[in-house]
Each structure stands twice: as structure tokens, then as C-alpha cells.
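Heads up, the thing below is written out as C-alpha cells.
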Number of protein chains: 2
Amino acid sequence: MPSGECRGQGWWHGKFRGCGYRLTLGREAILDILSKAEGHLSAEDIYIKVHPKYPNIGLTTIYRTLDVLSNLGMVYKLDFGDGRARYELAEGPKGAHHHHHLVCTGCNRVVDYTDFIDEEVELLQQTEKGLGKKYNFKINNHVIQFYGLCDKCSGNK
Amino acid sequence: MPSGECRGQGWWHGKFRGCGYRLTLGREAILDILSKAEGHLSAEDIYIKVHPKYPNIGLTTIYRTLDVLSNLGMVYKLDFGDGRARYELAEGPKGAHHHHHLVCTGCNRVVDYTDFIDEEVELLQQTEKGLGKKYNFKINNHVIQFYGLCDKCSGNK
DNA sequence: CTCCTTAATGAAAATGGTTTCCATTATTAA
DNA sequence: TTAATAATGGAAACCATTTTCATTAAGGAG
């Protein structure tokens, strides 16, 4: 329970300080929410979850913090095609397992899957290396997502 | 050169009519632009290209048409993370080759690559089949993209 | 070819997620 | 404690996209 710890002792302490960022209550609160919730929170979702405990943290700060975290590589910014960005904590110290996303275009439900991940990751790494060399890119991220209709939504129509 | 043909004779004629859509000048113009341009046009890009020839086609129509085309599967709607959607013609009758995208997060340049596509496609199909069965999804689309810095942009910093 | 139904359209206004502005507050190094 | 400046909140701005609504035009029926 990171929020219960002494200020500045969280696992992200080092990362922040190392990059010249200040450690603030708002940032702690946001990281706390992200590490408790399981995946796919929008900025507003986070705002709503943070608000009861810290009513004076504004939506602007949420966006700014998520931007910082995203740049630090501590958070993934996801797009499921519904017009709002989602955020999930990148692997923390406990090493959340690598996964990709399966999105229902009917109800926007998102399934995290880990099946085939090993093969995927292997191919991705090869491709990344090959593309990087051929096109002179310094590749540092990728997206794989599948879109379809879940059983409910494909049944409904 | 589709636009030179008699109205209603384009290769998309059948698709439109079959789905109850009417064939209009605007739609023809937009498809024409898309088939001439090579990839990645935003709605505004298309608007600007269409405008000289058809000054009375509004941006709204562009959006509406792209939506129809996208639903028909004739156009892919792409997101490169810069806040505006891009569109490219799905494989036409001449069979544009399947490709994926490599995006520079520095200058937003996009490289279409076909390297490793065969392996990718094979893995994707397997994964698609496996996921579809396991999670009861009717998968009908996927996204693979790599993000990084091109040589210019990684050199600049 | 003409008429009629209704899909398609354009212009303007609305929408809504995200960003910017700016005066105020709070963190951190000295 | 103090000074320098990063971070903040609220309001306003932004801007791609969507909606509204009155008008136009595609295409089947006759």
C-alpha cells in the first residue's frame, strides 16, 4: 500500500528524482490509483477516483502527470478507438505480466490477453531489430491490438 | 483513372449499390483522391485536395464519406497518435500490398513496411484464431505499429 | 422522361477530450 | 529559512470530429 508509506519512499521515488521531477501529493495519488486499479483508466476515471481523497487535485494535473509518467515510460498511453486515451501502469517492481489487448468494438470491453505473447514478443523483437536497421529507426515502442465483437455484441445483431 | 470513367462504372460501384448507398460526385471524388494519393491522408488533407475541383464539397461530407467507406471495409482508419485520424484505401482491385506502419514520434513521418509481413500475418492469423476461440470474439481487425525516432530525429537530440 | 421518396449534403453550431494561460502555491537545494 | 522555480487549479482556448437542420439531388417507380 504505497500511499501509507513515508513520503518519498515509494518505488517510483528514484525515477522521479533522477529526472529532476518533484515529488508531489498529486503525483503520488495518481500513481497509487494506477497501481491499485487494474488497467485501462481514462484521465477522467482517475480524476473521479482521486477526487474523494484529494478534492483539490484538478483534471489538468491528472493530464499533466500522466504525460510525465508516459514520457518516463512508467505508464502506457493506450488508444482503444473510443476517442479518449486510457492509461495503465507499465510493469512495476512486482513485474506485471506483459500483455496485449483485445477490444470489442461493440461495447468497448477490453480483454487483456497473454496467450501467444511469447511468440508475439519474439517476432516483434526480430521485426523491431530488422526494421530499425533497415530504416534507421530507434524503435522504442509498439502496439498490437485486435478488434472484434465479443459474444454478447455479435449475438445482439 | 477512375474519375474519367462514366459515372457508376468505378470498381466501387457494386459495393456501394449492394449496400444501399447512393453514388454521388462527392464520394467519387474522395475515392479518387484516396486511390491516387499514397496513403495516410487526414480528412483535412483530402478536403484540400478535393476542393480545387469540387469547391462545394464540405469537410462534413468528407468525414461522413470516410465513415461509410470505413464501415464498408474499403478504407482503413489509422491512428498515428498525433490527434487526427488518417485514412488509406484498403486493397483495391489491383491489390495494394499488405503493409504495416513504422511511425517516427519526432517528426510524425510514417514508413510503410512490408518486411517480415509474411511471418507477422501468419502469427496474427494464428493468434486471431486462438483468441477468437478462447474469448468468444469475432475478430475482424488488428493493428500492428512500431514507434520510434527516425535517424534525423534521433540525431537531433 | 417525370415524379416522389428519402439519402446525401453544406454551413453553422455543438461537442468533448485535451491543452494552454496565468496567477498562486509548494517543493527542493542551498 | 530562503530563494528559485517546478507544479498546480480553474477558466478559457483549442481543435478534430459530430450533430442539427433546412436544402438538394439520386435513383426507383410509373
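Structure notes:
- Accessible area buried at the A-B interface, both sides summed, 1.4 Å probe (Å², nearest 100): 3200
- With a Cα cut-off of under 25 Å and a minimum spacing of 8 residues unless on different chains, the lysine pairs in chain B number 17.
- The residues of the protein assembly as shown expose on average 57 square angstrom of accessible surface per residue, using a 1.4 Å probe on protein heavy atoms.
- When B:27, A:109, B:64 are compared by accessible area of protein heavy atoms, the largest-first order is B:64, A:109, B:27, using a 1.4 Å probe.
- As a length-normalised measure over Cα pairs under 8 Å and 6 or more apart, the relative contact order of segment A:1-94 settles at 25 percent.
- DSSP finds beta bridges in chain A, and of those with both partners inside it, around 75 percent are antiparallel.
- Relative contact order of segment B:97-157: 46 percent, from C-alpha pairs under 8 Å at least 6 residues apart in sequence.
- Nonlocal amide H pairs with residue B:142, under 5 Å, H built at 1.01 Å: A:147
- Estimated D of segment A:1-94 in µm² per second, where Rh is the Kirkwood radius over Cα pairs and Stokes-Einstein applies at 37 °C, 0.692 mPa s: 245
- Calculated label separations, residue A:130, copies of the chain, 7 Å along the beta-carbon direction, nm: 1.9
- Shortest first, residue A:60 label-point distances to identical copies amount to 3.4 nm, with the label point at 7 Å from Cα along Cα→Cβ.
- Value of relative contact order over segment B:37-156, rounded to a whole percent, pairs C-alpha under 8 Å and six or more apart: 21
- Antiparallel content of DSSP bridges confined to segment B:97-157, in %, to 5: 50
- In this structure, the amide hydrogen of residue A:90, modeled 1.01 Å from its nitrogen in the peptide plane, lies closer than 5 angstrom to those of A:75, A:76, counting only residues at least 5 positions away or on a different chain.
- Positive dipole terminus of the protein assembly as shown, leading residue within A:106, A:76, A:57 (C-beta point charges): A:57
- For chain B, built as a Gaussian network whose Cα springs stay under 10 Å, the top-fluctuating residue of B:108, B:141, B:71: B:141
- Sequentially through segment A:106-111, phi angles give Karplus couplings (6.51, -1.76, 1.60; θ = phi - 60°) of x, 10, 6, 5, 10, 9 Hz, Gly and Pro residues having no value and appearing as x.
- Averaged over peptide B:77-87, the number of partner chain Cβ atoms lying within 10 Å of each residue's Cβ comes to 1.
- Label point of residue B:155 (7 Å along Cα→beta-carbon): distances to the other copies' equivalent points are 5.8 nm, sorted ascending.
- Alpha-carbon Debye profile of chain A, log10 I(q)/I(0) at 0.09, 0.14 Å⁻¹: -0.37, -0.84
- Dividing the helix sum by the residues of the protein assembly as shown, where each DSSP H run of 4 or more adds -39500 (n - 2.57), gives a mean residue ellipticity at 222 nm of -12500 deg cm²/dmol.
- Expressed as a fraction of 2.2 N^0.38 Å, the C-alpha radius of gyration for segment B:117-157 is 1.79.
- D (Stokes-Einstein, µm²/s), Kirkwood Cα radius, the protein assembly as shown, 0.890 mPa s at 25 °C: 111
- Just checking the listed ones, A:142, A:99, A:51: in the Gaussian network model of chain A with Cα springs under 10 Å, the one fluctuating most is A:142.
- Heavy-atom accessible area, 1.4 Å probe, ligands and nucleic acids excluded: residues of segment A:118-135 down by at least 40 Å² from chain alone: A:123, A:127, A:131, A:135
- Fluctuation leader among A:23, A:34, A:123 - chain A, Gaussian network, Cα springs under 10 angstrom: A:123
The values are calculated or read from the model by the stated rules, or taken from the named source; none is laboratory data. The shown structure was predicted, so the numbers you read here are calculated from the model rather than taken from an experiment. Note: ideal-geometry Cβ built from the backbone for every residue, glycine included; neighbour counts use all protein chains shown. Please note that ligands, DNA and RNA were not included when accessible areas were found on the heavy atoms of the full protein model with its side chains. Shrake-Rupley method; radii C 1.70, N 1.55, O 1.52, S 1.80 Å.
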